[in-house]
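Just so it is clear, none of the values below were taken in a lab; they were calculated from the coordinates. For clarity, every value in this text was computed on a predicted model and none was experimentally measured. Heads up, the Cβs are rebuilt from the backbone with ideal geometry, glycines too, and the neighbour counts pull from every protein chain shown.
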Amino acid sequence: MAPPLRPYYSSKGYSAVHYDAVTAADPRLAGDIDIYAGLASGPSDILELGTGTGRVALALLERGHRILGLDIAPTMLDQALAKREALGAEQRDRLRFKLGDMTSLALGETFDLVICPYFTLAHVPTGAAWRNTFEGVARHLRSGGQAAFHLPTEEGVQRPQPPSDKPALVRPLAGGGHFAIFVIDQKYNPKFGRVDLVLDYVTTPAPGAPAIRSRERLTNYVADPRPYAEAAGLRMEADPIVFGEIGAIHAFRKP
């Protein structure tokens, strides 16, 4: 009997639990923090959309910036908040996390830089959700400020599916045991620019212990962000920064 299919990052799933280990092992993310940091001019006020467990926010904090990290998934944000509590007072003052939806931004403040890492925008459908996100970003940017979105490429999402009976990733657990990720299904609909992945997170908490399986659906959307950015009054000043084989960072500036 197949396990129930849960949304990615759901409260009962394992994608959020293992997020830090997965991103640490993903070579396609190598160098992304340097790119975001390079868009900031001196110590900056930065808004991160889809902050997750705080991977990027904490790295930018170490470089002297002030960060507000926003995420819609409580299971991810709880981990970020726990990391913040472990910091010293000065760093805690420069780092905030907030539960919220990037498609309806209303924070009442502005920033020098807005970043949207690791395909966060691609998790929501193109059309109204993207339009609302770009309009909200534009409202929250100071004049001259920049916004950067990491998005998948069409070529990247059409890469062949790995064998469903072989793990795409295996990582050890801190207390012993391991977890593995299997790609059970992968479909791409070019008409809607939609890719659906069904992933099994299989956790073996200790050697010889029974495995725990969580089946989760991850959906991404592929589209050109420029029309949405331009409609919101943002300008692209350089070509997208392609890295990591399957994605690119698109940067825009508010005049």
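Points worth noting:
- Along the chain, the exposed loop sites are GluC sites (Glu not before Pro) outside DSSP states H, G, I, E and B with at most 15 other Cβ atoms within 10 Å, and the longest stretch free of them is 110-236.
- Net charge over other residues, Cβ less than 15 angstrom from the Cβ of residue 155 (K, R count +1; D, E count -1): -1
- Distance (nanometres) between label positions extended 7 Å along Cα→Cβ at residue 236 and residue 83: 3.0
- Judged by the ratio a/c of the largest to the smallest principal axis of the C-alpha gyration tensor, the chain counts as oblate, that ratio being 1.5 or greater while a/b is no larger than b/c.
- Each Lys and Arg contributes +1 and each Asp and Glu -1, all at the Cβ; summed about the Cα centre of the chain, the dipole is approximately 380 debye.
- For segment 15-54 versus segment 61-126, the gap between their alpha-carbon centres in whole angstrom: 10
- Trypsin sites (Lys or Arg not before Pro) within segment 161-255: DSSP coil, no more than 11 neighbouring Cβ in 10 Å: 191
- Restricting segment 162-232 to chymotrypsin sites (Phe, Trp or Tyr not before Pro) that sit in a DSSP loop and have at most 14 other Cβ atoms within 10 Å of their own Cβ leaves 192.
- Placing R0 at 22 angstrom, the Cβ-Cβ distance between residue 171 and residue 98 gives a FRET efficiency of 0.15 after rounding to 0.05.
- Electrostatic bookkeeping for residue 120 treats Lys and Arg as +1 and Asp and Glu as -1; over the other residues with beta carbon under 13 Å from its beta carbon, the sum is -3.
- Loop-resident chymotrypsin sites (Phe, Trp or Tyr not before Pro) (DSSP state other than H, G, I, E or B) in segment 27-118 with no more than 10 further Cβ atoms inside 10 Å of their Cβ are absent.
- Cβ-defined net charge surrounding residue 67, 9 Å radius [Lys, Arg +1; Asp, Glu -1]: +1
- Cα-based shape type of segment 1-113, given that a ≥ b ≥ c are square roots of the gyration tensor eigenvalues and the cut on a/c is 1.5: prolate
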